[in-house]
Amino acid sequence: MEDSHQNEGTSKKKRQIDAVAAIGAEPLIKKPPTKKAKKDPKMLELRRTIQMSCATNDFCTALDAYERMHVAEGVRIESHTFYNLLNLCDGCFTGREIHIGTPKHPTKKTQKEEKIPDSDNKKEGVPKRLVSDKERKDFAYRVKNEMDQLQIPLPETAITPLVRLLCKTGDLQEAEKLIQKAESTQQCKPKLRMYSALICAYCKRKNLQKALELFLHMQSFSRTNKTGTSQIVIEPSEREYCAIMKCASILGDVKVMERILSDLAEEVLVPCSETTNSIIQWFESEHAIRRHDDIEISSVMDGAVNFPKAQAPCLGPLQHNIGVDDKCSISPKWIVNRSEIDTSSGILTSGCLEGCKLRPVTLDQDS
């Protein structure tokens, strides 16, 4: 019985082969799976070393492995390993300057403090040598030049650490040129973090005009490709708003401060403690209250920078004028955007909101 089944199977297979041969085609024979070529173990070792250095933010170990294995021994580096090196030059554990969420009291301490992995300075009790920002930038550009020679494209993840390093060393013009070049590269899709470092660097140097120009350009950036012009929407975060507010507060630019506060109120529901302190410092400064005899400080919004139409209405500057009432007595008046306020009742006596009453808002300690 078993022999008859085997003969039937063999004959059926033979008839299939004969039929394929009759039409002139080659018989369907399953080829054994080809084995993938094994990668160089030294290349894998170099990859793992750099990956572990990124996990522990150990720039020195990655630099030594690069010089010893890649430069001296000629071990090949993969493209994603190049990207890891560039990000390690900037530092993989840079602290967040803005706390997103409900502001916390500055004196209160959290029960659990976040553990930061060993950095370049400490590792297993052995002190590491400090690496300056200039050394990191020079090494990053060595890696970039080698990537250019190998024709490896630079995506946004590779451009951003270069921009941050240039901002740390003060090469702001070079950082701006790098961003402009990245915008014209199809492999690079711009993101907020690519612009954020340069905006904050301009604000720290009190160059409010350049910061606002980049701030507005980032939000209106578009790219033309084969399918047409595509708009890339990049919305600023609280960090950029806070940096511009600090700069405008120092320079006393009332118009910029009013506009940023108006946009911030629409975009950020609960500001962080740093943003809240910046707002308080502005209203406590001499520029927040304009008196009748004060000379108005020129603003970059008077022609150098053109903001789009605001989404929310702006009340304008708070002015303190001294007037004479019907009884010929001198009385101070508070004016907001040409709307006079009765200080005794809080009622607006003129303007588009005439007759409306302003009510005091109770603020707690964390507001």
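On the given criteria, is Ser299 within 22 Å of Lys246 (Cα to Cα) and at pLDDT 60 or above? Yes.
Yes/no per residue for (1) part of a helix (DSSP H, G or I); (2) closer than 23 Å to Ile152 by Cβ; (3) at pLDDT below 65:
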residue: Arg15; (1), (2), (3): yes, no, no
residue: Leu28; (1), (2), (3): no, no, yes
residue: Ala37; (1), (2), (3): no, yes, no
residue: Leu46; (1), (2), (3): yes, yes, no
residue: Met52; (1), (2), (3): yes, yes, no
residue: Ala65; (1), (2), (3): yes, yes, no
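Which residues, taken from the stretch 57-94, are among the β-branched types (Val, Ile, Thr) and open to solvent by 20 Å² or more (accessible area, probe 1.4 Å)? The answer is Thr61, Val71, Thr94. Going through (1) touching a Pro at 6+ places or on another chain (Cβ under 8 Å); (2) at pLDDT below 90; (3) in a helix (DSSP H, G or I) one by one, Phe93 falls short only on (3).
Identify, by number, the condition in (1) more than 20 Å from Phe139 (Cβ to Cβ); (2) buried (at least 23 other Cβ atoms within 10 Å of the Cβ) that Gln186 doesn't meet. So the condition that Gln186 fails would be (2).
Select from the stretch 153-166 the residues that are surrounded by 18 or more Cβ atoms within 10 Å (Cβ to Cβ) and outside any helix (DSSP H, G or I) and list them in ascending order. Lay out the reasoning, then the answer.
Step one: filter the stretch 153-166 for residues surrounded by 18 or more Cβ atoms within 10 Å (Cβ to Cβ), giving 154, 158-166.
Leu154 - this is the single residue of the stretch 153-166 that is surrounded by 18 or more Cβ atoms within 10 Å (Cβ to Cβ) and outside any helix (DSSP H, G or I).
Within the stretch 132-144, one or more residues are in contact with a Gly (Cβ under 9 Å, 6 or more places away or on another chain), in a helix (DSSP H, G or I), open to solvent by less than 50 Å² (accessible area, probe 1.4 Å) and at pLDDT 90 or above. Among the candidates Thr107, Thr169, the residue that is at pLDDT below 90 and either under 19 Å from Phe59 (Cα atoms) or open to solvent by 20 Å² or more (accessible area, probe 1.4 Å) (or both) is uniquely Thr107. Gln180 falls short of the stated requirement of being in a loop (DSSP other than H, G, I, E, B) and open to solvent by 80 Å² or more (accessible area, probe 1.4 Å).
Looking for something of a type outside the set (S, T, N, Q) and closer than 28 Å to Tyr83 by Cα - is there at least one such residue anywhere in the stretch 252-265? No, every residue in the stretch 252-265 fails to be of a type outside the set (S, T, N, Q) and closer than 28 Å to Tyr83 by Cα.
The values are calculated or read from the model by the stated rules, or taken from the named source; none is laboratory data. Note that the structure is predicted; figures quoted are calculated from it, not measured. Cβ atoms come from the backbone with ideal geometry, glycine included; neighbour counts cover every protein chain shown. Ligands, DNA and RNA are stripped out before the accessible areas are found, and what is left, the full protein with its side chains, is counted by its heavy atoms. Shrake-Rupley method; radii C 1.70, N 1.55, O 1.52, S 1.80 Å.
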